[in-house]
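Each remark here refers to the structure printed beneath this line.
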Amino acid sequence: MTSAKTILITGCSTGIGYVTAKVLRQRGHIVIATARKAEDVARLQEEGLTSLQLDLADSASIRQAVRQTLELTGGTLDALFNNGAFGQPGAVEDLTREVLRFQFETNLFGTHELTNLIIPVMRKQGHGRIIYNSSVLGLVALTYRGAYNASKFALEGLADTLRLELHGSNIQVSLIEPGPILSNFRQNSFALYKQNIDAEYSVHKWTYQAMEARLQKEGAAVPFTLPAEAVAEKVIHALEAKKPKIRYYVTFPTHLFAFLKRVLPHRWLDGFLRRV
């Protein structure tokens, strides 16, 4: 293993962030695990993880977490894993401007703000790794996930541009494309769906009924679902490898969709994606 590195991780209350934080700590890295809710921060601390509160939808929270992180690390930071995100379900025509903005506040704007606060630290020290947890839905769009699709497409655009602009700085930028992973993602999405989508008066009412069943299903909802450890393995490589990859595909659907996007005519791909 390489020498211990300091890494800040967002979205560590459950799922990918939580598992990755524990795996990296077990490998000897110095992990600062963040979560939005104070009770989750307290729980992580009880488990022995160095944890801070960080709400990506709140600029003051982001700035405070960065200050606290740099106090803990002596002013340096080897890596940032931008993992915190959520998914707002619903047909595009049922998304209000406010709901779409809220999706972007966390998945894009907050992540962007946090990253821009960390880049000067990495420039000053002469090295760094910025790892974005994107999605298969940053590669292709699936129905009734328009808000999440859009946020991840935008995230990939920013990450790809940033990578080009950081050339020669010794700051490496990597994107991870997970696909279906076991987590609380669907349960959280269902709560947002009930809160923000008026299904009863939507032309998509009958489709929503099937979607509700999927969102409430326990365990893996689709084939080829992998545990969060599969993503943690990619983060390990992006953090420790001398030459990290630009993109890491995790699950079979991600590999498949990336391939089909390259080889199929657009209308054929649309037909395939409508059936997923």
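The values are calculated or read from the model by the stated rules, or taken from the named source; none is laboratory data. Computed from a prediction, not measured in an experiment: that's the story for all the values here. FYI the Cβ positions are ideal-geometry reconstructions off the backbone, even for glycines, and counts take in every protein chain you see.
Among the listed residues 36, 67, 97, which satisfies the condition of being out of contact with any Asp or Glu (no Cβ under 8 Å at 6 or more places or on another chain), closer than 30 Å to residue 198 by Cβ and of a type in the set (Lys, Arg)?
On the way: 36 fails: out of contact with any Asp or Glu (no Cβ under 8 Å at 6 or more places or on another chain); 67 fails: closer than 30 Å to residue 198 by Cβ.
After applying the criteria, what remains is 97.
May I ask you to list pairs of residues, at least six apart or on different chains, whose Cβ atoms are under 7 Å apart, with the first in segment 129-145 being part of a loop (DSSP other than H, G, I, E, B) and the second being acidic (Asp, Glu)?
If the second residue must be acidic (Asp, Glu), the pairs left are 134/156; 134/177; 135/177; 139/177.
State whether the residues of segment 247-257 include one that is modelled with pLDDT under 95, under 30 Å from residue 162 (Cβ atoms), surrounded by 11 or more Cβ atoms within 10 Å (Cβ to Cβ) and of a type in the set (Phe, Trp, Tyr).
Within segment 247-257, one or more residues are modelled with pLDDT under 95, under 30 Å from residue 162 (Cβ atoms), surrounded by 11 or more Cβ atoms within 10 Å (Cβ to Cβ) and of a type in the set (Phe, Trp, Tyr).
For residue 187, work out the one condition from (1) polar (S, T, N, Q); (2) surrounded by 15 or more Cβ atoms within 10 Å (Cβ to Cβ); (3) farther than 23 Å from residue 274 by Cβ; (4) modelled with pLDDT under 85 it doesn't fulfil.
(2)
What's the total number of residues in segment 110-128 that are within 24 Å of residue 189 (Cβ to Cβ) and either among the charged types (D, E, K, R) or free of Cβ contacts under 8 Å to residues at least 24 places away in the same chain (or both)? Talk me through it step by step, then tell me what you get.
To start, the set of residues in segment 110-128 that are within 24 Å of residue 189 (Cβ to Cβ) comprises 110-114.
Among the residues that remain, those that are also either among the charged types (D, E, K, R) or free of Cβ contacts under 8 Å to residues at least 24 places away in the same chain (or both) are: 113.
Number satisfying all stated conditions: 1.
Do any residues in segment 155-170 that are closer than 18 Å to residue 120 by Cβ have Cβ atoms under 8 Å from those of residues that are of a type in the set (A, V, I, L, M, F, W, C) and assigned to a helix (DSSP H, G or I), where the two are at least six apart or on different chains, and which pairs are they?
Close Cβ pairs satisfying both conditions: 158/108; 166/119; 169/122.
Only residues that are surrounded by 23 or more Cβ atoms within 10 Å (Cβ to Cβ) and among the aromatic types (Phe, Trp, Tyr): list them for segment 115-149, please.
Residues satisfying the conditions are 132, 148.
For segment 68-109, how many residues meet the condition of being under 23 Å from residue 30 (Cα atoms) and crowded, with 20+ Cβ neighbours inside 10 Å? Walk me through how you get there before you give the answer.
Narrowing segment 68-109 to residues under 23 Å from residue 30 (Cα atoms): 68-85.
Filter once more, so that each one left must be crowded, with 20+ Cβ neighbours inside 10 Å: 69, 77-85.
Going through segment 68-109 one residue at a time, the tally reaches 10.
Quick check on residue 234: is it loosely packed, with under 15 Cβ neighbours inside 10 Å, within 28 Å of residue 159 (Cα to Cα) and within 22 Å of the chain's Cα centre (by Cα)?
Values: loosely packed, with under 15 Cβ neighbours inside 10 Å: no; within 28 Å of residue 159 (Cα to Cα): yes; within 22 Å of the chain's Cα centre (by Cα): yes.
When the stated conditions are applied, residue 234 does not pass them.
If we keep just the residues of segment 81-101 that are hydrophobic (A, V, I, L, M, F, W, C) and under 15 Å from residue 155 (Cα atoms), which is nearest to the chain's Cα centre (by Cα)? It would help to see each step written out before you state the result.
Here is the first cut: in segment 81-101, the ones hydrophobic (A, V, I, L, M, F, W, C) are 81, 85-86, 91-92, 95, 99-100.
If we keep only those that are under 15 Å from residue 155 (Cα atoms) as well, we get 81, 85-86, 100.
On the way: 81: 9, 85: 5, 86: 8, 100: 17 Å.
Here the answer is 85.
Taking only segment 3-23 into account, find how many residues are under 14 Å from residue 240 (Cβ atoms) and either touching a strand residue (DSSP E or B) at 6+ places or on another chain (Cβ under 7 Å) or modelled with pLDDT of 95 or more (or both). Full working, then the answer.
At the first step, the residues of segment 3-23 found to be under 14 Å from residue 240 (Cβ atoms) are 3-7, 20, 23.
With either touching a strand residue (DSSP E or B) at 6+ places or on another chain (Cβ under 7 Å) or modelled with pLDDT of 95 or more (or both) added as a condition, the list becomes 4-7, 20, 23.
Residues in segment 3-23 being under 14 Å from residue 240 (Cβ atoms) and either touching a strand residue (DSSP E or B) at 6+ places or on another chain (Cβ under 7 Å) or modelled with pLDDT of 95 or more (or both): 6 in total.
How about segment 24-46: which of its residues are in contact with a strand residue (DSSP E or B) (Cβ under 9 Å, 6 or more places away or on another chain) and not in a helix (DSSP H, G or I)? Before the answer, list the steps.
Filtering segment 24-46 down to residues in contact with a strand residue (DSSP E or B) (Cβ under 9 Å, 6 or more places away or on another chain) leaves 24-25, 29-38, 40-45.
Residues satisfying the conditions are 29, 30, 31, 32, 33, 34, 35, 36, 37.
List the pairs whose first member sits in segment 24-44 and is in contact (Cβ under 8 Å) with a residue 60 or more places away in the chain, whose second member is polar (S, T, N, Q) and not in a loop (DSSP other than H, G, I, E, B), and whose Cβ atoms are under 8 Å apart, counting only residues at least 6 apart or on separate chains?
Listed by first residue and then by second, the contacts come to 29/6.
Could you check segment 190-211 and list, in sequence order, the residues that are over 24 Å from residue 101 (Cβ atoms) and surrounded by 12 or more Cβ atoms within 10 Å (Cβ to Cβ)?
Start the filter on segment 190-211 by keeping residues that are over 24 Å from residue 101 (Cβ atoms), which leaves 205-207, 209-210.
Scanning segment 190-211 gives a single hit, 207.
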